[in-house]
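To start, the structure itself, in structure tokens.
The values are calculated or read from the model by the stated rules, or taken from the named source; none is laboratory data. Values in this document were obtained by computation on a predicted structure and should not be read as measured data. As a convention, Cβ positions derive from the backbone with ideal geometry for all residues, glycine included, and neighbour counts pool all protein chains shown.
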Amino acid sequence: MEIKAVKFREKGFYSQPFAFGGEEGMEKFDKNIRYRGSLQNYVIDTGSDVILVDTGLPAGTPEETPDETTPAFTGHDIANYMDALAALGYKPEQVTKILLTHRHSDHSGELRSFPNAKIYVNQEEIGAAELQGLNNIVPVSFADGAYFNFPESQTIAPGIHFIKAKGHTRGNSIVVVENDGLFYLIHGDVTYVDEALYENKLSVVFEDLAAARETLDRVREFIGNHPTVYLSTHTPQGYENLEAKRVMDLDNPVETVFDEVDFTKKEGTGKYVCSICGYVYDPTDHDGVAFEDLPDDWKCPRCRQSKEKFNKA
């Protein structure tokens with residue numbers, strides 16, 4: 001069995017208030033501290049199955065243009081998701097299963113490119129707009145009972161477990177892969193950066209705060225009891241952990257590495273992109289209304305996040 005990272009954005013960042021402020025409030029943290037960000041999803045190649053965990057942003061999603069006030073920036077394009085997958089040697093028709101951690105389009109963006117794969121989704125997530133019109137969805141009811149300290153799970157293939165882990169969204173799930181004595185925990189957005197895992201902090205993005213806290217507690221308990229490689233979507237620490245087969249030690253955090261952030265001004269397109277779910281606000285689709293002219297209480301129509309979570313494209 002082999003796990004590979006599908007890397008499609010790099011050199012992003014997540015501010016400390018964004019990554020840590022879910023319970024205590026963003027104002028409690030230093031907005032000038034920015035942790036490294038990226039975007040990658042994962043492939044599990046068992047030899048008989050090619051299984052994707054999430055499917056990137058939709059092709060054509062514009063890059064964002066951050067400034068000094070931006071709380072979250074997904075990064076600059078390396079390639080679109082499908083080209084990044086092809087660079088690893090995989091064609092769409094080879095993919096047999098897709099495990100979706102949650103509905104946000106930086107995780108579900110290319111589901112339609114795999115019509116022959118079975119798409120496993122928490123049954124509580126299947127009403128999401130991002131999943132409509134797909135006829136290859138397999139609703140997961142987590143009928144296999146507990147997986148260690150996680151109460152609800154479903155085995156997808158030998159050594160591959162789909163686990164209910166609500167909070168970030170109400171249908172959020174994680175994937176644990178057992179291989180060569182290690183547990184690879186692919187978690188979607190339980191945290192955005194590994195520093196939040198070590199510091200036991202929730203991000204400001206959740207649909208159910210109490211459930212998000214319970215999930216993070218269970219993840220940390222699992223890591224404390226099993227040799228676990230923690231595979232994130234939004235930080236290069238995810239693929240760095242994978243490449244090093246780094247077992248997480250919650251009492252001995254890996255040293256934080258900061259990249260210099262480039263705030264070079266670029267000409268805007270008039271479009272804005274939600275840094276949480278990837279929704280693109282294009283004024284031409286909204287009777288010409290500029291994003292800046294939307295009311296202050298306007299929210300993303302997909303993930304219901306506030307205007308401040310949008311970046312210029």
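Quick notes on this structure:
- Among residues of region 213-229 that are touching a residue at least 12 places away in the same chain (Cβ under 8 Å) and over 14 Å from Lys201 (Cα atoms), those with a beta-carbon under 9 Å from a residue that is of a type outside the set (Lys, Arg) and in a helix (DSSP H, G or I) at least six positions away or on a different chain give the pairs Ile223/Leu197; Thr228/Val219; Thr228/Phe222; Val229/Asn241; Val229/Leu242; Val229/Ala244.
- Taking region 27-48 as the range and being buried (at least 17 other Cβ atoms within 10 Å of the Cβ), more than 13 Å from the chain's Cα centre (by Cα) and among the aliphatic types (A, V, I, L, M) as the test, the residues that pass are Val43, Ile44.
- A count restricted to region 79-91 and to residues that are crowded, with 16+ Cβ neighbours inside 10 Å and closer than 14 Å to Ile51 by Cα stands at 2.
- Options Asp67, Asp45, Asp49: the member that is touching a residue at least 60 places away in the same chain (Cβ under 8 Å), charged (D, E, K, R), farther than 17 Å from Ser275 by Cβ and touching a Lys or Arg at 6+ places or on another chain (Cβ under 9 Å): Asp49
- In summary, Lys266 fulfils each of the numbered conditions (1) modelled with pLDDT of 95 or more; (2) part of a loop (DSSP other than H, G, I, E, B); (3) basic (Lys, Arg) with the single exception of condition (1).
- Within region 93-107, the only residue that satisfies the criterion of being touching a residue at least 24 places away in the same chain (Cβ under 8 Å) and surrounded by fewer than 16 Cβ atoms within 10 Å (Cβ to Cβ) is Gln94.
- So Ser153, is it of a type in the set (Ser, Thr, Tyr), farther than 23 Å from Gly60 by Cα and surrounded by 15 or more Cβ atoms within 10 Å (Cβ to Cβ): yes
- Consider region 266-312 and keep the residues that are under 20 Å from the mean Cα position of the chain (by Cα) and over 26 Å from Ile126 (Cα atoms). The one that is surrounded by the most Cβ atoms within 10 Å (Cβ to Cβ) is Tyr272.
- Lone unmet requirement of (1) touching a strand residue (DSSP E or B) at 6+ places or on another chain (Cβ under 6 Å); (2) closer than 21 Å to Ile186 by Cβ for Thr55: (1)
- As a summary of the residue check, Asp251 satisfies the conditions (1) over 22 Å from Asn41 (Cβ atoms); (2) in a loop (DSSP other than H, G, I, E, B); (3) touching a residue at least 40 places away in the same chain (Cβ under 8 Å) except for the one numbered (3).
- When residues in region 156-166 are screened for being crowded, with 24+ Cβ neighbours inside 10 Å and over 18 Å from Asn225 (Cβ atoms), 1 of them pass.
- Among strands (runs of 3 or more DSSP E) entirely within region 10-125, having at least 1 residues that are under 16 Å from Tyr192 (Cβ atoms) and touching a helix residue (DSSP H, G or I) at 6+ places or on another chain (Cβ under 9 Å) singles out 34-45.
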